[in-house]
Structures are given as structure tokens and as C-alpha cells.
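Please read the structure below before turning to the comments.
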Amino acid sequence: MDSDERSGAGPAGGGTAGATLSEETRSRILRAVDARFDDEVRFIQELVRHPSRRTAERSAQDLMERAMAERGLEIDRWALDPVELFAHPGAGFVEVPYDDVENVVGTYRPVTESGRSLILNGHIDVVPEGPEDQWSRSPWDAEVRDGWLYGRGSGDMKAGLAANLFALDAIREAGFAPCGRIHVESVAEEECTGNGSLSALMRGYTAEAVVIPEPEEDMLVRANVGVIWFRVRVTGRPTHVREMATGFNAIDAAYFVVGELRALEDRWNAEKAQHRHFEDLDHPINLNVGMIRGGDWGSSVPAWCEVDLRCALYPGTSADAGWAAITEALAAITADANGNPITAAATRTGFYAEGYVLEEGSDAEAVLERAHRAAFGAELESFTTPGYLDGRVFVQYADIPTLVYGPISRAIHGNDECVDLESVRRITGSIALFIAEWCGIEERAEGA
Ligand code: ZN
């Protein structure tokens, strides 16, 4: 049945929770998104100009807090507490001070709550920009060129944070008010531990659905991997280089250790056919050597080397099981190919997260399908992503259907990151329609 024309927004006080939107209501809301889109782009630019790298999110969070307060949302801002977090099995290990690492949540409460509740989540932290001379512009100037907005964090995911706020605006400016409670979350730590979203959940923020507009190429994430961050310290035997053969080079040995971990990666990739949604990916399990340091002197055989790695896990493999496999693989390394004894000790450094699958057939997904079709004039597609997403926090620890769905981007975590503004406009419209149908709307009383 095509129920698209079933019902519009009801009279003031009535509300429409659970009803599909009329064609007229949809176009009012989408027109309101278009009318404010220049402001939305300016807001993304302002956000990008705050380099909110890990532990330096404060000024960008100030901006988010101001934007939420201007919209009349009830503000809750708090610093993440590593001790409290660490009691949770899904917390990532923390090696940085959390004094300045804060979440901001803005809550909208309808006068009478008759609709379904919703969390609109996004992360404020961005990954380091890397060598700036590899960029063709400053990573922080937020230039718009040929319909793309450039800058570190533009796609991942400041455009998404803006889309959440401007989607809410569009409903109001179209003359409606949502009938459900809505929490707009701007969280830290998505790029390293997932502790920001986890902290918001532990603080009591739950809802009947979650939307996270990560840069997902206008598609919905069906499944994603878990991620573990860890550091391997390899110990050598230092000597002067003139008698190098009597020493043992910890940096050379680290290559060997990484090679052994690659064997584990190969084994896990070879098992992809056993994991629904991952069969068709070329290489779902990626082990990344992210950072390396070692040695003390150019003419001394290095006594130590530390390698920071990131490894993926299939959904259904617990972080504990993944970690056990990694540490067992390391414990099995006793000597290199020449028989030199190796000690390789691993410690956790961040993510300790299991992947998840968004089960098909949820009501939330059906509502998003209709919203996407109206905003894009195309069917919603879903896909599997071999990267970490905060969606796992809500799916695994609160059993909330979580829609990770957002705009087209290029080069996230790379040089010249940018986001497609036409895609951002449509995603904003789609999220606005999602809010309207999921929470229900009522005509807003004059002056409200
Ligand atoms: Zn992201």
C-alpha cells in the first residue's frame, strides 16, 4: 500500500506521531531547509575553523553549546570521567588527560510528549590534519569550491552536526513542533575510543531511535566492524653499531612482529564468508600500523621499538575475544627468523569495541526510507563499512535502532578532506523529514 498521502500534520495539540507525512507537509519542511541552507553552510565553515583535535575540542563545543542554547534547547555539558567510563566493558583505554574533554547535549522537550523520542548524535573531534604541506589549502580555512566544502572534519563530521541542528530548525520554520523528546548530542572521542557517546549513554540519554550523520555517501550503514587499538613494545639488545652483530635491533624485530600480526589479519579476512554482510568486501579486516617510534641514537642498535596498531573485528566477535587472539599471536612469537629471541608485549591504547549489524525491518529504517525517497528522489541503499562507528554504543548497550546515514565526502582522514554541499542539503532535508515522521509534529501555535 502506498500510504504516503494518508495524513498531514494534525491540528495544534493533535500531533501526528506514527503517521506518514503528507506531500504538502514534506514540501513545507524541505523548503524550510533550502531557505536556511546558506546559514547552514556558514555554520559548518565556522565549526571547521575550530581545529577540534583530541583534547582540543573546547572551542568547537562552545560553538555547539551556543547554537543549541540559541535554539532554546536545554543544555547539559560535562567532562568525561575516565574512571567512571572504565567500569564499562565498552570503554576505550585512555592515555590523555580528560580535564578538557567534554560532551554537550541539547534537549528539546515538547509541551506534551506524545511522539517517539530521538537522539541526533554527532562527534566534534577530528583526526590530526597530518603534514599541512600535503594539503592544497589550509585544513582550517573551510573554503567552498565547486560545491565542496574543504577542511579537516568538514565531512567527518561537522557537516553532520550542522545537519542535525538545521533539520530541527526546518521543522520549526515550516511552522511545526516535534511531539517527541529529542536529544542533540555533540560528543568527543569518536575517533579514538568511542567514550563520548558511551559517556552520554551512561549519563542516562536514551531514546527510541538514534541518527548519526557520519559521511556515508548518502547511504545507511547496515553493518560495521569493531576496532581495537593497541601498542606493541619490542625489546632489543643495544650495542655500538661497530659490533652490531652482537646486539639485537628492536626496530628490525618490530617488522618481524608486524609480519606475524599480518598472518592473523590474513586468517580473519579468509573467514569473511562466515560473516553476513562482509562476504562481498575485498578486505574487511584491516590491520593498520598507525605510529612507530623506537631507538635512542643513530649509532646505537635500538633497545626498543613501539608500534601503535589498529585492528578490526567482525560483529559478533567480542573485544575480549579479539584481544585474546591478538595477545596469543604475540605470545607465540618467541624468536625472529634468525633465531634471535623476541619479547613483544601488547597494551591497549584506545578503542575496545565490537562491531554491530543494524537488523533489517525496524520501524526507524522504514521511516528513513520514506524520508530519503522524498529528499533525494531515490531509494535508500545500505552498505557495510569496515570502520568504527559510535552506533555500536547505542545498538549494543541500549538496544536502540541506530541509523548511521550521512553525506558524500572525499578524503576523510586524508589530505584535502571535503564534503559535497548538495548532498548535505539533501541529507538535512531527509533528517528533518525523519524527525517529523518519527517524533510526529503539530502545527506550532503563533509566537511559540
Ligand atoms: Zn566520523
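The values are calculated or read from the model by the stated rules, or taken from the named source; none is laboratory data. It should be emphasised that the depicted structure is a prediction, and the values quoted were computed from it without experimental measurement. Every residue, glycine as well, gets a Cβ built from its backbone with ideal geometry; the counts of neighbours run over all protein chains shown. Accessible surface areas use protein heavy atoms only, side chains included; no ligands, DNA or RNA. Shrake-Rupley method; radii C 1.70, N 1.55, O 1.52, S 1.80 Å.
Results, tabulated for the structure shown:
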| quantity | calculated |
| --- | --- |
| When residues of region 80-96 are limited to those that are assigned to a loop (DSSP other than H, G, I, E, B) and over 13 Å from CYS192 (Cβ atoms), the one least open to solvent (accessible area, probe 1.4 Å) | GLY90 |
| Criterion (under 15 Å from ILE212 (Cβ atoms), more than 15 Å from the ligand (Cβ to nearest atom) and over 17 Å from the mean Cα position of the chain (by Cα)) met by exactly one of ALA364, ALA374 | ALA364 |
| Filtered residue count, region 284-338, keeping only those that are β-branched (Val, Ile, Thr) and open to solvent by 20 Å² or more (accessible area, probe 1.4 Å) | 5 |
| Among (1) surrounded by 15 or more Cβ atoms within 10 Å (Cβ to Cβ); (2) more than 16 Å from the ligand (Cβ to nearest atom), the one test that GLY122 misses | (2) |
| Qualifying residue in region 255-264 (condition: over 29 Å from the mean Cα position of the chain (by Cα) and under 18 Å from ARG348 (Cβ atoms)) | yes |
| Only one of GLU369, GLU359, GLU354 that is at pLDDT below 95 and under 23 Å from the mean Cα position of the chain (by Cα) | GLU359 |
| Selection within region 151-177 - open to solvent by less than 10 Å² (accessible area, probe 1.4 Å), outside any helix (DSSP H, G or I) and either away from the ligand (no atom under 16 Å from the Cβ) or of a type in the set (Gly, Ala, Ser) (or both) | GLY151, GLY153, PHE176 |
| Condition met for VAL104 (touching a residue at least 40 places away in the same chain (Cβ under 8 Å), buried (at least 23 other Cβ atoms within 10 Å of the Cβ) and away from the ligand (no atom under 16 Å from the Cβ)) | yes |
| Residue in region 210-224 that is away from the ligand (no atom under 15 Å from the Cβ) and open to solvent by 10 Å² or more (accessible area, probe 1.4 Å) present | yes |
| Subset of region 57-71 [without any contact (Cβ under 8 Å) to a residue 24 or more places away in the chain, surrounded by fewer than 19 Cβ atoms within 10 Å (Cβ to Cβ) and not acidic (Asp, Glu)] | SER59, ARG66 |
| Test: residue in region 194-204 that is more than 16 Å from the ligand (Cβ to nearest atom), surrounded by fewer than 19 Cβ atoms within 10 Å (Cβ to Cβ) and more than 17 Å from the chain's Cα centre (by Cα) | yes |
| Pairs, first touching a residue at least 40 places away in the same chain (Cβ under 8 Å) in region 109-120, second assigned to a strand (DSSP E or B) and of a type in the set (Gly, Ala, Ser), C-beta under 7 Å, six or more apart | PRO110/ALA177 |
| Breaking point among (1) within 25 Å of ILE171 (Cβ to Cβ); (2) free of Cβ contacts under 8 Å to residues at least 40 places away in the same chain, for ALA87 | (1) |
| Flag for ARG181 being closer than 16 Å to TYR108 by Cβ and either within 16 Å of the ligand (Cβ to nearest atom) or surrounded by fewer than 22 Cβ atoms within 10 Å (Cβ to Cβ) (or both) | yes |
| Residue check for LEU281: within 27 Å of the chain's Cα centre (by Cα) and buried (at least 21 other Cβ atoms within 10 Å of the Cβ) | no |
| Of the criteria (1) on the phi > 0 side of the Ramachandran plot; (2) away from the ligand (no atom under 16 Å from the Cβ); (3) open to solvent by 10 Å² or more (accessible area, probe 1.4 Å), which one VAL144 fails | (1) |
| Which listed residue is under 29 Å from PRO82 (Cβ atoms), in contact with a helix residue (DSSP H, G or I) (Cβ under 7 Å, 6 or more places away or on another chain) and in the same structural domain as GLU216 (by TED's automatic domain parsing), from GLY151, GLY122, GLY115, GLY130 | GLY122 |
| Residue selected from region 22-56 under the condition free of Cβ contacts under 8 Å to residues at least 60 places away in the same chain and more than 23 Å from the chain's Cα centre (by Cα), by the criterion least open to solvent (accessible area, probe 1.4 Å) | SER22 |
